[in-house]
1. Accessible area of residue 109, 1.4 Å probe, to the nearest 10 Å²?
2. Could you work out the helix-only [θ] at 222 nm for the chain, with each DSSP H run of four or more residues adding -39,500 (n - 2.57) and the total divided by the number of residues, to the nearest 500 deg cm²/dmol?
3. Using a 1.4 Å probe, what is the accessible area per residue for the range 249-318, in Å²?
4. Per residue, what accessible area does the range 433-505 have, given a 1.4 Å probe and all protein chains present, in Å²?
5. Quickly work out the residue 319-to-residue 474 label distance, labels modelled 7 Å from Cα along the C-beta direction, and quote it in nm with one decimal.
6. Hydropathy first: keep DSSP H helices in the chain averaging at least 1.6 on Kyte-Doolittle, then drop any whose Cα extent along the axis falls short of 15 Å, and list what survives.
7. So if I take the alpha carbon set of the chain, get Rg, then get Rh from the Kirkwood formula, what is the Rg over Rh ratio?
8. Relative contact order of the range 182-300: what whole-number percent is it, with Cα pairs under 8 angstrom and at least 6 residues apart?
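The values are calculated or read from the model by the stated rules, or taken from the named source; none is laboratory data. Computed from a predicted structure; not experimentally measured. Note that we place each Cβ from the backbone using ideal geometry, even for glycine, and neighbour counts take in every protein chain shown. Side chains included, ligands, DNA and RNA excluded: accessible areas come from the protein's heavy atoms. Shrake-Rupley method; radii C 1.70, N 1.55, O 1.52, S 1.80 Å.
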Amino acid sequence: MLSTLQPPRYSLSRFPLHLPSKPFFFHSKQTPLSSPYPIANATLTDQIATSASSPSLHSQILSIRHSLLSRQFTATQLAESYLNRLRALEPHLKSFLHVSDSVLSDGREIDDKILRNEELGPLAGVLVGVKDNICTAGMPSTGGSRILDGYRPPFDATAVRRIKELGGIVVGKTNLDEFGMGSTTEASAFQVTANPWDLKRVPGGSSGGSASAVSARQCVVSLGSDTGGSVRQPASFCGVVGLKPTYGRVSRFGLMAYASSLDVIGCLGTTVADAGILLHAISGHDTLDATSSKREVHDFTSQFTAVDSLESKPLKGLRIGLIRETLDNGVDGKVSSAIRAAASHLEELGCSINEVSLPSFSLGLPAYYILASSESSSNLARYDGVRYGNQAIADELTGLYQNSRATGFGSEVKMRILMGTYALSAGYYDAYYKRAQQVRTIIQKSFKAALDEYDILISPAAPSAAYKIGEKVNDPLAMYAGDIMTVNVNLAGLPALVLPCGFVRDGSSDLPVGLQMIGAAFDEGKLVKVGHIFEQTLPDCRFVPPLLADHIVG
(Lines give C-alpha, C1' and ligand atoms only; values in the text may rest on other atoms or scores of the structure.)
Protein backbone atom coordinates (compact mmCIF):
# COMPACT_ATOMS: atom_id res chain seq x y z
CA MET A 1 0.00 0.00 0.00
CA LEU A 2 2.74 2.42 0.94
CA SER A 3 4.88 1.88 -2.11
CA THR A 4 2.62 4.14 -4.16
CA LEU A 5 3.48 7.04 -1.87
CA GLN A 6 7.20 6.43 -1.63
CA PRO A 7 9.82 7.47 -4.18
CA PRO A 8 12.83 5.23 -4.74
CA ARG A 9 15.14 5.25 -1.76
CA TYR A 10 18.88 5.30 -1.67
CA SER A 11 21.11 2.53 -0.43
CA LEU A 12 23.86 3.68 1.90
CA SER A 13 26.36 1.79 -0.20
CA ARG A 14 25.95 4.42 -2.92
CA PHE A 15 27.43 7.20 -0.84
CA PRO A 16 31.08 6.53 0.06
CA LEU A 17 33.17 9.30 1.57
CA HIS A 18 36.68 8.17 2.53
CA LEU A 19 38.25 4.85 3.22
CA PRO A 20 39.51 4.22 6.76
CA SER A 21 43.25 3.99 7.26
CA LYS A 22 43.31 0.19 6.93
CA PRO A 23 41.56 -2.05 4.42
CA PHE A 24 38.70 -4.28 5.49
CA PHE A 25 36.27 -6.57 3.77
CA PHE A 26 32.70 -7.69 4.24
CA HIS A 27 31.01 -10.84 3.02
CA SER A 28 27.41 -9.85 2.63
CA LYS A 29 24.49 -11.97 1.48
CA GLN A 30 22.49 -8.80 0.98
CA THR A 31 22.58 -7.21 -2.47
CA PRO A 32 22.71 -3.41 -2.39
CA LEU A 33 20.92 -1.26 -4.91
CA SER A 34 22.77 -0.82 -8.17
CA SER A 35 25.67 1.53 -7.70
CA PRO A 36 28.56 2.93 -9.70
CA TYR A 37 30.73 2.38 -6.62
CA PRO A 38 31.92 -1.15 -5.75
CA ILE A 39 31.34 -2.20 -2.17
CA ALA A 40 35.09 -2.33 -1.52
CA ASN A 41 35.24 1.43 -2.05
CA ALA A 42 32.43 2.24 0.34
CA THR A 43 33.07 3.69 3.77
CA LEU A 44 32.89 1.61 6.87
CA THR A 45 29.70 3.37 7.95
CA ASP A 46 28.12 2.60 4.58
CA GLN A 47 29.09 -1.04 4.73
CA ILE A 48 27.63 -1.47 8.20
CA ALA A 49 24.26 -0.48 6.81
CA THR A 50 24.48 -3.09 4.05
CA SER A 51 26.21 -5.76 6.11
CA ALA A 52 24.32 -9.00 6.62
CA SER A 53 25.93 -9.66 9.99
CA SER A 54 22.56 -9.23 11.68
CA PRO A 55 20.09 -8.58 8.85
CA SER A 56 17.22 -10.29 10.63
CA LEU A 57 17.11 -7.69 13.38
CA HIS A 58 17.64 -4.62 11.19
CA SER A 59 20.05 -2.90 13.60
CA GLN A 60 23.26 -0.96 13.07
CA ILE A 61 24.12 -1.38 16.77
CA LEU A 62 23.97 -5.17 16.52
CA SER A 63 25.86 -5.11 13.21
CA ILE A 64 28.63 -3.06 14.80
CA ARG A 65 28.88 -5.44 17.76
CA HIS A 66 29.02 -8.49 15.49
CA SER A 67 31.69 -6.92 13.27
CA LEU A 68 33.87 -5.85 16.20
CA LEU A 69 33.74 -9.28 17.80
CA SER A 70 34.48 -11.01 14.49
CA ARG A 71 37.43 -8.62 13.92
CA GLN A 72 36.06 -7.39 10.59
CA PHE A 73 37.12 -3.88 11.60
CA THR A 74 38.27 -2.03 14.69
CA ALA A 75 36.43 0.49 16.83
CA THR A 76 39.05 3.05 15.88
CA GLN A 77 38.39 2.53 12.17
CA LEU A 78 34.67 2.85 12.81
CA ALA A 79 35.17 6.09 14.75
CA GLU A 80 37.40 7.52 12.02
CA SER A 81 34.80 6.75 9.37
CA TYR A 82 31.98 8.45 11.28
CA LEU A 83 34.17 11.45 12.10
CA ASN A 84 35.06 11.82 8.42
CA ARG A 85 31.40 11.95 7.48
CA LEU A 86 30.55 14.27 10.35
CA ARG A 87 33.25 16.77 9.35
CA ALA A 88 32.36 16.58 5.67
CA LEU A 89 28.66 17.26 6.20
CA GLU A 90 28.78 19.55 9.21
CA PRO A 91 29.37 22.79 7.24
CA HIS A 92 26.06 22.11 5.47
CA LEU A 93 24.00 20.77 8.38
CA LYS A 94 25.37 22.40 11.55
CA SER A 95 24.01 19.54 13.65
CA PHE A 96 26.71 19.76 16.33
CA LEU A 97 27.71 22.50 18.73
CA HIS A 98 30.75 20.55 19.94
CA VAL A 99 32.61 17.45 18.74
CA SER A 100 34.48 15.43 21.32
CA ASP A 101 38.26 15.26 21.01
CA SER A 102 38.38 11.84 22.75
CA VAL A 103 36.42 9.81 20.19
CA LEU A 104 39.46 8.04 18.73
CA SER A 105 41.04 7.39 22.13
CA ASP A 106 37.74 5.90 23.32
CA GLY A 107 37.77 3.67 20.24
CA ARG A 108 41.30 2.52 21.00
CA GLU A 109 40.25 1.55 24.52
CA ILE A 110 37.57 -0.70 23.07
CA ASP A 111 40.08 -2.23 20.65
CA ASP A 112 42.40 -2.96 23.57
CA LYS A 113 39.57 -4.72 25.40
CA ILE A 114 38.95 -6.88 22.35
CA LEU A 115 42.64 -7.79 22.16
CA ARG A 116 42.55 -8.78 25.84
CA ASN A 117 39.38 -10.82 25.20
CA GLU A 118 37.48 -8.78 27.76
CA GLU A 119 33.71 -8.65 27.70
CA LEU A 120 32.24 -5.79 25.66
CA GLY A 121 29.18 -3.80 26.62
CA PRO A 122 26.17 -3.90 24.29
CA LEU A 123 26.94 -0.38 23.02
CA ALA A 124 30.66 -0.94 22.46
CA GLY A 125 31.93 1.26 19.64
CA VAL A 126 28.54 2.87 19.02
CA LEU A 127 28.87 6.61 18.40
CA VAL A 128 26.17 8.54 20.23
CA GLY A 129 25.22 12.19 19.77
CA VAL A 130 23.93 13.91 22.89
CA LYS A 131 21.61 16.90 22.89
CA ASP A 132 23.34 19.89 24.46
CA ASN A 133 20.85 20.25 27.32
CA ILE A 134 22.02 16.89 28.68
CA CYS A 135 25.12 17.24 30.88
CA THR A 136 28.41 15.64 29.86
CA ALA A 137 31.49 15.76 32.08
CA GLY A 138 34.34 17.77 30.62
CA MET A 139 32.40 18.76 27.50
CA PRO A 140 30.43 21.98 26.91
CA SER A 141 26.78 21.76 27.91
CA THR A 142 25.16 25.05 26.96
CA GLY A 143 21.49 24.20 26.50
CA GLY A 144 21.78 26.18 23.27
CA SER A 145 21.92 29.39 25.34
CA ARG A 146 24.42 32.22 25.62
CA ILE A 147 23.87 32.30 29.35
CA LEU A 148 25.65 28.93 29.66
CA ASP A 149 28.23 29.54 26.94
CA GLY A 150 31.42 27.78 27.98
CA TYR A 151 29.84 25.83 30.87
CA ARG A 152 31.43 22.39 31.38
CA PRO A 153 29.64 20.23 33.96
CA PRO A 154 31.75 18.22 36.42
CA PHE A 155 29.41 15.24 36.01
CA ASP A 156 27.57 13.13 33.45
CA ALA A 157 23.80 12.90 33.26
CA THR A 158 22.67 9.44 34.38
CA ALA A 159 21.64 8.53 30.81
CA VAL A 160 25.09 9.52 29.50
CA ARG A 161 26.87 7.67 32.31
CA ARG A 162 24.96 4.49 31.52
CA ILE A 163 25.81 4.78 27.82
CA LYS A 164 29.51 5.13 28.63
CA GLU A 165 29.42 2.22 31.07
CA LEU A 166 28.02 0.01 28.30
CA GLY A 167 30.80 0.99 25.88
CA GLY A 168 29.09 3.79 23.95
CA ILE A 169 31.20 6.68 22.67
CA VAL A 170 29.83 10.22 22.95
CA VAL A 171 30.77 11.80 19.63
CA GLY A 172 29.58 15.32 20.49
CA LYS A 173 26.82 17.68 21.60
CA THR A 174 23.99 18.42 19.20
CA ASN A 175 22.25 21.72 18.50
CA LEU A 176 18.82 22.58 19.90
CA ASP A 177 16.34 25.37 20.44
CA GLU A 178 17.46 27.29 23.51
CA PHE A 179 16.66 25.21 26.63
CA GLY A 180 14.39 23.07 24.45
CA MET A 181 11.95 25.90 23.73
CA GLY A 182 11.09 25.68 20.06
CA SER A 183 10.02 23.44 17.23
CA THR A 184 12.55 24.27 14.52
CA THR A 185 16.04 24.58 16.14
CA GLU A 186 16.03 28.18 14.85
CA ALA A 187 15.88 29.41 18.46
CA SER A 188 19.41 28.18 19.19
CA ALA A 189 21.68 31.00 20.31
CA PHE A 190 24.55 29.66 18.20
CA GLN A 191 23.43 28.38 14.78
CA VAL A 192 20.53 27.13 12.70
CA THR A 193 20.55 23.43 11.83
CA ALA A 194 19.41 22.29 8.37
CA ASN A 195 17.34 19.27 7.41
CA PRO A 196 19.39 16.64 5.51
CA TRP A 197 16.44 16.03 3.16
CA ASP A 198 16.42 19.68 2.06
CA LEU A 199 18.99 22.16 3.37
CA LYS A 200 16.48 24.99 3.03
CA ARG A 201 14.14 23.36 5.55
CA VAL A 202 14.12 22.99 9.31
CA PRO A 203 14.93 19.64 10.96
CA GLY A 204 12.24 20.20 13.59
CA GLY A 205 12.86 20.87 17.22
CA SER A 206 13.89 21.18 19.79
CA SER A 207 16.05 18.06 19.22
CA GLY A 208 16.72 19.07 15.62
CA GLY A 209 20.47 18.60 15.87
CA SER A 210 20.11 15.06 17.21
CA ALA A 211 17.62 14.09 14.48
CA SER A 212 19.65 15.71 11.70
CA ALA A 213 22.84 13.97 12.85
CA VAL A 214 21.22 10.53 12.86
CA SER A 215 19.51 11.12 9.51
CA ALA A 216 22.82 12.11 7.89
CA ARG A 217 24.65 9.20 9.56
CA GLN A 218 26.96 11.53 11.47
CA CYS A 219 26.43 9.23 14.45
CA VAL A 220 24.74 5.87 14.98
CA VAL A 221 22.10 6.98 17.49
CA SER A 222 21.46 10.06 19.59
CA LEU A 223 19.80 11.30 22.75
CA GLY A 224 17.22 14.07 22.73
CA SER A 225 14.76 15.48 25.22
CA ASP A 226 11.01 15.50 24.74
CA THR A 227 8.83 17.98 26.65
CA GLY A 228 6.03 18.33 24.10
CA GLY A 229 7.24 16.36 21.09
CA SER A 230 10.86 17.48 20.77
CA VAL A 231 12.10 13.99 19.88
CA ARG A 232 9.13 12.83 17.82
CA GLN A 233 8.50 15.84 15.58
CA PRO A 234 12.18 16.10 14.45
CA ALA A 235 12.18 12.34 13.86
CA SER A 236 9.24 12.81 11.49
CA PHE A 237 10.84 15.77 9.71
CA CYS A 238 14.19 13.99 9.26
CA GLY A 239 12.94 10.49 8.41
CA VAL A 240 14.34 8.70 11.47
CA VAL A 241 12.89 6.81 14.44
CA GLY A 242 12.12 8.73 17.64
CA LEU A 243 11.18 6.96 20.87
CA LYS A 244 9.71 8.89 23.80
CA PRO A 245 9.56 6.76 26.98
CA THR A 246 6.96 6.85 29.73
CA TYR A 247 7.56 9.66 32.22
CA GLY A 248 9.83 8.18 34.89
CA ARG A 249 11.24 5.37 32.74
CA VAL A 250 14.54 7.26 32.22
CA SER A 251 16.29 9.34 34.87
CA ARG A 252 16.17 13.10 34.33
CA PHE A 253 19.28 13.67 36.43
CA GLY A 254 21.60 15.84 34.36
CA LEU A 255 18.87 17.04 32.00
CA MET A 256 18.52 20.82 32.14
CA ALA A 257 15.01 21.41 33.42
CA TYR A 258 12.47 23.10 31.17
CA ALA A 259 9.13 21.76 32.43
CA SER A 260 9.92 19.16 35.07
CA SER A 261 6.56 17.36 35.00
CA LEU A 262 6.80 16.91 31.23
CA ASP A 263 10.51 16.48 30.42
CA VAL A 264 11.84 13.08 29.38
CA ILE A 265 15.04 11.94 27.69
CA GLY A 266 14.29 10.11 24.43
CA CYS A 267 16.17 8.19 21.75
CA LEU A 268 16.69 8.62 18.02
CA GLY A 269 18.00 6.04 15.56
CA THR A 270 17.70 4.94 11.97
CA THR A 271 15.71 1.85 12.98
CA VAL A 272 13.26 0.87 15.70
CA ALA A 273 15.71 -1.76 16.91
CA ASP A 274 18.46 0.81 17.48
CA ALA A 275 16.14 3.20 19.29
CA GLY A 276 14.86 0.34 21.45
CA ILE A 277 18.36 -0.89 22.32
CA LEU A 278 19.42 2.62 23.30
CA LEU A 279 16.31 3.13 25.44
CA HIS A 280 16.91 -0.15 27.24
CA ALA A 281 20.48 0.96 27.97
CA ILE A 282 19.46 4.22 29.67
CA SER A 283 16.27 3.07 31.43
CA GLY A 284 15.84 2.16 35.08
CA HIS A 285 15.53 3.61 38.55
CA ASP A 286 18.01 6.25 39.66
CA THR A 287 18.40 7.39 43.26
CA LEU A 288 19.46 10.80 41.94
CA ASP A 289 15.99 11.38 40.43
CA ALA A 290 13.02 11.03 42.77
CA THR A 291 10.63 10.85 39.80
CA SER A 292 12.32 7.84 38.18
CA SER A 293 10.28 4.66 38.31
CA LYS A 294 11.29 1.50 40.16
CA ARG A 295 9.44 -0.66 37.64
CA GLU A 296 11.41 -3.50 36.13
CA VAL A 297 12.90 -2.72 32.73
CA HIS A 298 12.31 -5.62 30.35
CA ASP A 299 14.77 -6.30 27.56
CA PHE A 300 13.23 -4.62 24.53
CA THR A 301 15.40 -6.72 22.20
CA SER A 302 13.32 -9.75 23.22
CA GLN A 303 10.46 -8.09 21.31
CA PHE A 304 12.34 -8.21 18.00
CA THR A 305 11.20 -10.75 15.44
CA ALA A 306 13.27 -11.57 12.37
CA VAL A 307 11.47 -10.72 9.14
CA ASP A 308 12.04 -14.22 7.75
CA SER A 309 10.37 -15.68 10.85
CA LEU A 310 7.20 -13.62 10.59
CA GLU A 311 3.85 -15.24 10.00
CA SER A 312 1.62 -14.01 7.20
CA LYS A 313 -0.36 -11.96 9.74
CA PRO A 314 2.25 -11.26 12.45
CA LEU A 315 0.11 -8.66 14.23
CA LYS A 316 -3.15 -10.62 14.15
CA GLY A 317 -5.44 -9.67 17.01
CA LEU A 318 -3.80 -6.31 17.73
CA ARG A 319 -6.37 -3.55 18.19
CA ILE A 320 -5.31 -0.14 16.88
CA GLY A 321 -7.22 3.12 17.20
CA LEU A 322 -6.68 5.86 14.62
CA ILE A 323 -7.29 9.17 16.42
CA ARG A 324 -9.97 10.92 14.35
CA GLU A 325 -9.08 14.45 15.52
CA THR A 326 -5.53 14.13 14.13
CA LEU A 327 -6.79 13.88 10.54
CA ASP A 328 -9.17 16.86 10.67
CA ASN A 329 -8.76 20.35 9.24
CA GLY A 330 -5.32 21.81 9.75
CA VAL A 331 -3.52 18.63 8.73
CA ASP A 332 -1.88 18.51 5.31
CA GLY A 333 -3.91 16.27 3.01
CA LYS A 334 -0.81 14.44 1.79
CA VAL A 335 0.18 13.70 5.38
CA SER A 336 -3.31 12.32 6.09
CA SER A 337 -3.05 10.10 3.02
CA ALA A 338 0.33 8.74 4.15
CA ILE A 339 -1.04 7.95 7.62
CA ARG A 340 -4.11 6.21 6.21
CA ALA A 341 -1.82 4.18 3.94
CA ALA A 342 0.24 3.22 6.99
CA ALA A 343 -2.96 2.16 8.75
CA SER A 344 -3.81 0.00 5.74
CA HIS A 345 -0.38 -1.61 5.94
CA LEU A 346 -0.98 -2.42 9.61
CA GLU A 347 -4.31 -3.97 8.59
CA GLU A 348 -2.47 -6.16 6.09
CA LEU A 349 -0.28 -7.33 8.97
CA GLY A 350 -3.35 -8.53 10.85
CA CYS A 351 -4.33 -5.52 12.99
CA SER A 352 -7.90 -4.40 13.38
CA ILE A 353 -8.09 -0.64 12.72
CA ASN A 354 -10.90 1.61 13.93
CA GLU A 355 -11.20 5.35 14.25
CA VAL A 356 -11.42 6.57 17.83
CA SER A 357 -12.51 10.02 18.97
CA LEU A 358 -10.67 11.89 21.73
CA PRO A 359 -12.81 15.03 22.19
CA SER A 360 -10.30 16.56 24.61
CA PHE A 361 -7.45 16.28 22.07
CA SER A 362 -7.66 19.92 20.92
CA LEU A 363 -7.49 21.14 24.53
CA GLY A 364 -3.99 19.78 24.95
CA LEU A 365 -2.15 22.51 23.08
CA PRO A 366 -3.24 25.53 25.17
CA ALA A 367 -2.98 23.53 28.40
CA TYR A 368 0.52 22.41 27.49
CA TYR A 369 1.83 25.90 26.77
CA ILE A 370 0.41 27.27 30.03
CA LEU A 371 1.89 24.46 32.11
CA ALA A 372 5.24 24.31 30.31
CA SER A 373 5.71 28.08 30.41
CA SER A 374 4.75 28.22 34.08
CA GLU A 375 7.25 25.53 35.03
CA SER A 376 9.97 27.09 32.89
CA SER A 377 9.54 30.48 34.58
CA SER A 378 10.38 28.75 37.85
CA ASN A 379 13.13 26.43 36.56
CA LEU A 380 15.01 29.15 34.68
CA ALA A 381 15.11 31.45 37.70
CA ARG A 382 18.36 29.70 38.66
CA TYR A 383 20.17 31.35 35.75
CA ASP A 384 20.83 34.69 37.42
CA GLY A 385 24.54 35.25 36.87
CA VAL A 386 25.35 34.28 40.46
CA ARG A 387 24.71 30.57 40.87
CA TYR A 388 24.70 29.57 37.19
CA GLY A 389 25.45 31.20 33.90
CA ASN A 390 27.60 33.98 32.58
CA GLN A 391 27.68 37.07 34.76
CA ALA A 392 27.12 40.53 33.36
CA ILE A 393 28.90 43.57 34.77
CA ALA A 394 26.72 45.66 37.08
CA ASP A 395 27.08 48.09 40.00
CA GLU A 396 24.46 46.43 42.20
CA LEU A 397 22.75 43.04 42.61
CA THR A 398 19.44 43.81 40.88
CA GLY A 399 21.27 45.19 37.89
CA LEU A 400 23.44 42.07 37.78
CA TYR A 401 20.34 39.88 37.63
CA GLN A 402 18.70 42.01 34.97
CA ASN A 403 21.74 42.40 32.74
CA SER A 404 22.80 38.74 33.00
CA ARG A 405 19.36 37.47 32.01
CA ALA A 406 18.75 40.17 29.39
CA THR A 407 21.97 39.37 27.54
CA GLY A 408 21.99 35.63 28.22
CA PHE A 409 18.46 34.62 27.22
CA GLY A 410 17.07 34.68 23.70
CA SER A 411 13.71 36.14 22.72
CA GLU A 412 11.79 32.85 22.74
CA VAL A 413 12.97 31.99 26.25
CA LYS A 414 12.11 35.46 27.52
CA MET A 415 8.64 35.25 26.02
CA ARG A 416 7.91 31.89 27.66
CA ILE A 417 9.22 33.08 31.04
CA LEU A 418 6.90 36.08 30.83
CA MET A 419 3.95 33.89 29.82
CA GLY A 420 4.60 31.52 32.71
CA THR A 421 5.09 34.26 35.26
CA TYR A 422 1.81 35.83 34.18
CA ALA A 423 -0.08 32.53 34.42
CA LEU A 424 1.21 31.98 37.96
CA SER A 425 0.62 35.51 39.20
CA ALA A 426 -1.98 36.40 41.82
CA GLY A 427 -5.44 36.77 40.33
CA TYR A 428 -4.62 34.66 37.26
CA TYR A 429 -3.49 31.35 38.80
CA ASP A 430 -7.01 29.90 38.98
CA ALA A 431 -7.96 31.17 35.53
CA TYR A 432 -4.92 29.71 33.76
CA TYR A 433 -2.61 27.34 35.63
CA LYS A 434 -5.27 25.59 37.74
CA ARG A 435 -7.57 25.19 34.76
CA ALA A 436 -4.72 23.82 32.64
CA GLN A 437 -4.05 21.20 35.32
CA GLN A 438 -7.72 20.24 35.24
CA VAL A 439 -7.53 19.85 31.46
CA ARG A 440 -4.45 17.68 31.93
CA THR A 441 -6.44 15.33 34.15
CA ILE A 442 -9.20 15.13 31.53
CA ILE A 443 -6.64 14.26 28.85
CA GLN A 444 -5.08 11.56 31.03
CA LYS A 445 -8.50 9.96 31.61
CA SER A 446 -9.35 10.22 27.92
CA PHE A 447 -6.17 8.39 26.87
CA LYS A 448 -6.62 5.74 29.56
CA ALA A 449 -10.15 5.01 28.38
CA ALA A 450 -8.99 4.73 24.76
CA LEU A 451 -6.03 2.49 25.66
CA ASP A 452 -8.29 0.23 27.70
CA GLU A 453 -10.14 -0.45 24.45
CA TYR A 454 -7.18 -0.42 22.05
CA ASP A 455 -3.61 -1.76 22.32
CA ILE A 456 -2.09 1.18 20.45
CA LEU A 457 -3.28 4.56 19.19
CA ILE A 458 -1.87 6.04 15.99
CA SER A 459 -1.70 9.52 14.49
CA PRO A 460 0.60 11.71 12.41
CA ALA A 461 3.65 12.96 14.29
CA ALA A 462 3.15 16.45 12.84
CA PRO A 463 0.42 18.15 10.78
CA SER A 464 2.85 18.78 7.93
CA ALA A 465 6.23 17.74 6.59
CA ALA A 466 9.28 19.91 7.26
CA TYR A 467 8.75 23.55 6.35
CA LYS A 468 11.28 26.10 5.18
CA ILE A 469 13.76 27.87 7.43
CA GLY A 470 12.33 31.22 8.46
CA GLU A 471 8.81 30.35 7.33
CA LYS A 472 7.29 30.48 10.82
CA VAL A 473 9.91 32.35 12.81
CA ASN A 474 7.73 35.49 12.93
CA ASP A 475 4.51 33.60 13.58
CA PRO A 476 4.95 31.82 16.93
CA LEU A 477 1.30 30.77 17.13
CA ALA A 478 1.59 28.89 13.84
CA MET A 479 4.77 27.23 15.08
CA TYR A 480 3.15 26.26 18.40
CA ALA A 481 0.18 24.77 16.51
CA GLY A 482 2.59 22.29 14.92
CA ASP A 483 2.93 20.58 18.31
CA ILE A 484 -0.74 19.59 18.49
CA MET A 485 -0.02 15.95 17.57
CA THR A 486 2.53 15.38 20.31
CA VAL A 487 1.83 17.50 23.43
CA ASN A 488 -1.09 15.37 24.66
CA VAL A 489 1.23 12.39 25.05
CA ASN A 490 3.48 14.37 27.40
CA LEU A 491 0.52 15.66 29.39
CA ALA A 492 -0.61 12.05 29.84
CA GLY A 493 2.94 10.81 30.57
CA LEU A 494 2.66 8.02 27.99
CA PRO A 495 5.27 6.40 25.71
CA ALA A 496 5.21 7.03 21.97
CA LEU A 497 7.17 5.87 18.96
CA VAL A 498 7.55 7.77 15.68
CA LEU A 499 8.87 6.02 12.60
CA PRO A 500 8.93 7.03 8.92
CA CYS A 501 6.02 5.64 6.92
CA GLY A 502 6.09 7.50 3.60
CA PHE A 503 6.86 10.67 1.72
CA VAL A 504 5.08 13.80 0.55
CA ARG A 505 6.11 15.88 -2.42
CA ASP A 506 6.67 19.58 -1.76
CA GLY A 507 8.08 21.48 -4.71
CA SER A 508 11.21 19.67 -5.81
CA SER A 509 11.65 17.83 -2.49
CA ASP A 510 10.41 14.44 -1.31
CA LEU A 511 9.98 14.87 2.43
CA PRO A 512 9.49 12.05 4.97
CA VAL A 513 6.33 11.64 7.04
CA GLY A 514 6.31 10.06 10.48
CA LEU A 515 3.68 7.74 11.97
CA GLN A 516 3.16 8.14 15.73
CA MET A 517 2.28 5.08 17.82
CA ILE A 518 1.08 5.73 21.38
CA GLY A 519 1.01 3.01 24.03
CA ALA A 520 -0.07 2.51 27.62
CA ALA A 521 2.24 3.61 30.43
CA PHE A 522 5.46 1.55 30.61
CA ASP A 523 4.43 -0.48 27.56
CA GLU A 524 7.36 0.59 25.38
CA GLY A 525 8.00 -3.07 24.57
CA LYS A 526 4.77 -3.38 22.62
CA LEU A 527 5.50 -0.21 20.65
CA VAL A 528 8.97 -1.46 19.79
CA LYS A 529 7.65 -4.86 18.72
CA VAL A 530 4.93 -3.43 16.47
CA GLY A 531 7.19 -0.71 15.06
CA HIS A 532 9.94 -3.22 14.31
CA ILE A 533 7.57 -5.48 12.35
CA PHE A 534 6.05 -2.46 10.57
CA GLU A 535 9.38 -1.11 9.31
CA GLN A 536 10.74 -4.51 8.31
CA THR A 537 7.71 -5.27 6.17
CA LEU A 538 7.95 -2.02 4.25
CA PRO A 539 9.94 -2.58 1.04
CA ASP A 540 13.46 -1.13 1.31
CA CYS A 541 12.42 0.82 4.38
CA ARG A 542 15.75 2.48 5.20
CA PHE A 543 15.32 6.23 4.70
CA VAL A 544 18.54 7.91 3.52
CA PRO A 545 18.47 11.62 2.57
CA PRO A 546 19.69 12.81 -0.85
CA LEU A 547 22.28 15.01 0.90
CA LEU A 548 24.59 12.01 1.11
CA ALA A 549 24.40 11.50 -2.65
CA ASP A 550 24.64 15.22 -3.35
CA HIS A 551 27.79 15.45 -1.24
CA ILE A 552 29.52 12.81 -3.37
CA VAL A 553 28.44 14.40 -6.63
CA GLY A 554 29.59 17.79 -5.38
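1. Approximately 110 Å² for this residue.
2. -10500 deg cm²/dmol
3. 40 Å²
4. With all protein chains present, the range 433-505 gives 37 Å² per residue.
5. 5.1 nm
6. Taking the DSSP H segments of the chain (at least 15 Å long, mean hydropathy at least 1.6), we get 272-282.
7. 0.95
8. 21 percent.
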